[in-house]
1. Between 0 and 90 degrees, rounded to the nearest ten: what's the tilt of helix 66-77 against the longest Cα principal axis of the chain?
2. What's the local net charge at Arg282, with K and R +1, D and E -1, over the other residues with C-beta under 15 Å away?
3. When only C-alpha pairs under 8 Å and at least 6 residues apart count, what is the relative contact order of the chain, in percent?
4. Can you tell me, using C-alpha contacts under 8 Å and at least 6 residues apart, the relative contact order of region 158-302 as a whole percent?
5. Would you kindly calculate the translational diffusion coefficient of region 149-308, applying Stokes-Einstein with the Kirkwood radius from alpha carbon pairs, for 20 °C and a viscosity of 1.002 mPa s, and quote it in µm² s⁻¹ without decimals?
6. Quick check: convex hull of the Cα atoms in the chain, volume per residue, rounded to a whole Å³?
7. What is the local net charge at Ala253, summed over the other residues whose Cβ is closer than 14 Å to its Cβ (Lys, Arg +1; Asp, Glu -1)?
8. Considering the options Met21, Pro63, Val290, tell which one lies farthest towards the positive end of the dipole of the chain, charges being +1 on Lys and Arg and -1 on Asp and Glu at the Cβ, about the Cα centre.
Amino acid sequence: MKDRRSSGSKMLNRQKCILYMLEQAGRPVARLELTKWAFLLARETASGGGPAFYDFLPYHYGPYSFTLFHEAERLVRDGYLRPMTAGGRDAWESLNDSASLMSALATVVRRDAAGVVRQFANVPLDDLIDYVYGRFPWYTANSRIRQLRARPAAPPGIYTIGYEGCSVDRLLDGLMRRGIRRIIDVRRNPVARRYGFHKASLDRLCGNVGIAYVHVPEVGIPSDLRRNLDGPDARARLLAMYDAELLPRQGGAIAEIARMAAELPSALMCMEADPAVCHRSRVAQAASSVTGLPVQHLRGKTCGPDSN
């Protein structure tokens, strides 16, 4: 087990909030139950759980956060959570004994988190699910229990998205809301520090929610050309060079991207939120010239929830 003092100092406030809700419950809490509490904290309270709280997407039993579960695994490794079984369900129990961790949470977040626990801690899980499903039917779109809202299908087009500023949950939720069925990753090297955007992780998470994932590295910009971009002028020069020298060599890759986009609603994905400063806009225009389909940029700000 790692030293809890050092790991606690690096703990995110949203992780502390999850521990706080478990402490307020005073008992082991089913993972499905805690997920619903966190979702309601995010969607039905003034604080929303605080800045940079968890995002959610429709999954097998309603709203779910891949990021929350990923971070819970770290809390288990660091000795703050213990996985167990309670009432026949997978559950977590808080092992935290440091009030100083909780003191970093804003008063309004502690108040709202405690309020959610008081309101729902004694509500049977089936009734809690009914409440969430009734209030937020979009999150039933992938449910194994019942589906109150269908996933839309995007009209034919060449779509693009940048994940800058988005969690992977928020990105995937936004793409599902827009009816996108495939991500075409146009990064040369699909690695990222942010959880969920490394190629292997993104491929797995996409598969979990019924979105296909394809990597087309040929149309990416080599890493050595992206170094030392110290301002908009340098980036503009790079994109001009990409248009003139690199992209024209990738006719085969563009043809394959065009074929996939015409076959299934697909979004070309890279990092930058603004397509104007990202090579994906150039790739999209090239694919559009092959298919005749319009280009539509799904900017970073649109990868979050639009409605219930």
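1. The angle comes out at about 50 degrees.
2. Once positives and negatives cancel, what remains is +2.
3. 20 percent
4. Result for region 158-302 is 43 percent.
5. 136 µm²/s
6. Convex hull of Cα atoms, per residue: 144 Å³.
7. +3
8. So the residue furthest toward the plus end is Met21.
Computed from the coordinates by the stated procedures, all read-outs in this text should not be read as laboratory data. What you are looking at is a predicted structure, and each value in this text was computed from that prediction instead of being measured. No Cβ is skipped: glycine too gets one built from the backbone with ideal geometry, and neighbour counts run over all protein chains shown.
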